[in-house]
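The values are calculated or read from the model by the stated rules, or taken from the named source; none is laboratory data. Not measured: the values here are computed from a predicted model. Note that we place each Cβ from the backbone using ideal geometry, even for glycine, and neighbour counts take in every protein chain shown. Accessible surface areas use protein heavy atoms only, side chains included; no ligands, DNA or RNA. Shrake-Rupley method; radii C 1.70, N 1.55, O 1.52, S 1.80 Å.
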Amino acid sequence: MIKPLADRVVIEPKEAETKTASGLYIPDTAKEKPQQGKIVAAGPGKKDEPMEVKVGDTVLYGKYAGTEITVEGKDYLILKQSDILAIL
């Protein structure tokens, strides 16, 4: 598994919606990038800035924040704690 350094976290993004509330299917070209996910790993934090999030938290983050990676066929996102907007 990935072990992030300093104030970085590894997030497993929530899958994009494939169907609208009214029952219409959304094509792949029209899907929006997910902005919500679950933290699967967190770094120890910085000396002057402790971690406010922990493994298992569901968080909201910026649309273009972080770096996308694929490990063993699963997509993850690595970003700094400061890129997280809210904990749900």
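Can you tell me which residue in segment 1-35 is farthest from G73 (Cα to Cα), limited to those that are modelled with pLDDT of 90 or more and surrounded by fewer than 14 Cβ atoms within 10 Å (Cβ to Cβ)?
Going through the qualifying residues, I end up with A6.
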Need pairs with beta-carbon distance below 6 Å; first residue over 13 Å from G37 (Cα atoms) and within segment 61-88, second assigned to a strand (DSSP E or B) and among the β-branched types (V, I, T); sequence gap 6+ or separate chains. T67/I78
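Residues are listed down the side, and each one gets a yes or a no for (1) under 16 Å from the mean Cα position of the chain (by Cα); (2) small (G, A, S):
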{"position": "A6", "(1), (2)": "no, yes"}
{"position": "T20", "(1), (2)": "no, no"}
{"position": "I26", "(1), (2)": "no, no"}
{"position": "T29", "(1), (2)": "no, no"}
{"position": "P34", "(1), (2)": "yes, no"}
{"position": "P44", "(1), (2)": "no, no"}
{"position": "P50", "(1), (2)": "no, no"}
Residues that are farther than 14 Å from A6 by Cβ and touching a strand residue (DSSP E or B) at 6+ places or on another chain (Cβ under 9 Å), drawn from segment 53-65: K54, V55, G56, D57, T58, V59, L60, Y61, G62, A65
Among E68, E72, which is open to solvent by 40 Å² or more (accessible area, probe 1.4 Å), of a type outside the set (K, R), within 19 Å of I2 (Cβ to Cβ) and within 11 Å of the chain's Cα centre (by Cα)? E68
What strands (runs of 3 or more DSSP E), lying completely within the chain, carry at least 3 residues that are of a type in the set (V, I, T)? 8-13, 67-71
Note: among P34, P50, just one is touching a Pro at 6+ places or on another chain (Cβ under 8 Å), closer than 23 Å to M1 by Cβ and free of Cβ contacts under 8 Å to residues at least 60 places away in the same chain, namely P34
Lone unmet requirement of (1) more than 16 Å from A86 (Cα to Cα); (2) modelled with pLDDT of 90 or more; (3) open to solvent by less than 70 Å² (accessible area, probe 1.4 Å) for P44: (3)
Please work out if T58 is open to solvent by 60 Å² or more (accessible area, probe 1.4 Å), free of Cβ contacts under 8 Å to residues at least 60 places away in the same chain and within 16 Å of the chain's Cα centre (by Cα). no
